[in-house]
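The values are calculated or read from the model by the stated rules, or taken from the named source; none is laboratory data. Just so it is clear, the model here is predicted, and its values are computed rather than measured. Here the Cβ positions follow ideal geometry from the backbone for every residue, glycine too, while neighbour counts run over all protein chains shown.
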Amino acid sequence: MRGVRAASVAVVCCALWASAGPAAAVVPPTASPSDLTLRVPSGPPQATEQKALCGKPFASSSADVRDPSAAQQLMQVQAAWRYSKGEGIKVAVIDTGVQPSKRFTKVIGGGDFVSNGNGLTDCDGHGTMVAGIIAGKPSTSDGFAGVAPAAEVIAIRQTSLSYGPKDNKSGGSAADIAASSYGNVQTLAYAVVAAVQKGADVINISEVACGPAGTPMHDGALGAALQYAYRRNVVVVAAAGNLVDPCKTQNTGVNPANPAAKGWDTLNTVVSPGWYSPYLLTVGGVDSATGSPWPLSLHGPWVSVAAPATGLVSVGLRGQAVNRQEGEKGPVTVDGTSFASPYVAGLAALIKARFKGISAADVMRRITATAHGAGSGRNDVVGYGVVDPVAALSDTVVDSSVDAAASRPIAPPDATGPDHTARNVALAGTGVCLLTALVWWAISIPRRRLRKLGEDDY
């Protein structure tokens with residue numbers, strides 16, 4: 001399998017944290033400005049090299065991407081364009097890089113913490129797909145379109161499954177694969193600061209670091225960077241994570257030692273950046289066709305909202321619509337909270353464009369207040385519910401409390417469209433993940449050792 005990239009703390013997680021202890025009480029982390037680093041390096045902090053062949057997402061068939069996807073229908077993307085298309089907004093995509101193509105209004109190089117580029121190279125395909133969901137333009141060749149097609153993308157390459165520290169040899173275990181890939185919580189902190197300094201209005205982070213409850217995450221610099229962004233009215237959106245190694249222990253909301261405990265007192269696994277929830281929106285996943293919780297999404301008290309996470313379509317490296325990646329046993333669908341997060345980041349861009357001068361706090365409030373919940377307030381599975389772009393752009397939101405909005409009725413699906421029970425949103429369910437949302441991407445992909453590369457491999 002290709003390399004599983006993880007934050008430095010998550011690499012240890014792979015090696016040592018195969019099983020979790022009992023649920024524990026966790027004190028929410030606090031961000032300290034003293035941990036902030038404003039002098040961001042211009043490249044990776046150590047020498048790196050390509051370790052595996054580049055990934056190439058593809059379409060299963062032209063017929064499969066001809067019509068708008070279930071996720072696009074659930075989000076009612078085209079209806080939201082009546083209010084905004086994200087004009088004048090810059091969205092930073094901190095990921096594996098973004099490959100520019102005709103499917104984007106504009107892609108700006110924002111930096112590279114993996115190699116010696118500028119962010120406009122994507123050896124994994126992951127970052128380009130994330131950017132496509134945020135800002136991909138419609139095409140006559142297929143039915144795909146991103147949420148905010150007029151928004152500009154700032155591409156920052158901070159992680160890669162195909163790169164690793166130079167001369168670092170790895171075997172085939174999860175720990176070896178993680179150690180041979182690249183990106184950690186420190187470079188993620190650098191990337192957040194760089195995005196703010198490049199003028200981002202919104203930042204998307206489709207990766208996470210994880211560990212057992214009570215384990216130090218060593219992510220103070222990342223917390224400070226998120227606080228820095230929030231205080232400058234930059235909306236940060238991050239994936240909640242996927243329930244796979246090394247983040248395979250679900251937060252069930254139950255502590256056997258304290259049956260009355262809730263939320264932060266019942267955790268098996270903690271996740272960064274999500275657990276800095278006052279400063280960002282953390283996005284769990286739901287089934288794109290039904291709106292029910294996605295079973296591989298990790299739960300937690302930091303989950304803000306949810307968005308489609310299954311059977312996704314986006315933009316490939318040549319600007320084509322793609323919906324598959326090559327797996328160990330053949331093609332696999334594109335799933336994961338990695339791809340739920342950009343739906344919310346795209347919505348934040350639409351709101352920023354429609355309501356000029358709106359604060360980050362008010363953007364976040366508008367998104368949570370108009371999400372479709374289960375009638376019982378927020379929960380650790382889908383947060384305040386599945387986001388509703390049309391409502392977030394059209395409703396009057398004046399109260400800072402969002403609990404009352406959780407009982408809003410879910411709109412029925414459009415009778416003229418395909419039979420997707422679009423607004424049957426999750427209440428019970430499953431949750432969110434850790435380590436890196438890229439893990440779900442990686443576990444399905446064959447580990448392709450680097451041989452002498454041909455020109456088509458780059």
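Can we say Ala71 is of a type in the set (A, V, I, L, M) and over 17 Å from the mean Cα position of the chain (by Cα)? In short, no.
The residue that is surrounded by the fewest Cβ atoms within 10 Å (Cβ to Cβ), counting only those in the stretch 196-217 that are farther than 22 Å from Asn242 by Cβ and not aliphatic (A, V, I, L, M), is Pro216. In the stretch 225-259, of all residues being small (Gly, Ala, Ser) and surrounded by fewer than 22 Cβ atoms within 10 Å (Cβ to Cβ), the one that is nearest to Pro342 (Cα to Cα) corresponds to Gly253. The residue that is modelled with the lowest pLDDT, counting only those in the stretch 18-39 that are in a loop (DSSP other than H, G, I, E, B) and over 22 Å from Gly263 (Cα atoms), is Ala18.
When the stretch 52-106 is filtered for residues that are touching a Lys or Arg at 6+ places or on another chain (Cβ under 8 Å), polar (S, T, N, Q) and farther than 17 Å from Lys137 by Cβ, the ones remaining, listed by number, are Ser60, Thr96.
Taking the listed residues Gly346, Gly319, the one that is in contact (Cβ under 8 Å) with a residue 12 or more places away in the chain and assigned to a loop (DSSP other than H, G, I, E, B) is Gly319, with no other qualifying.
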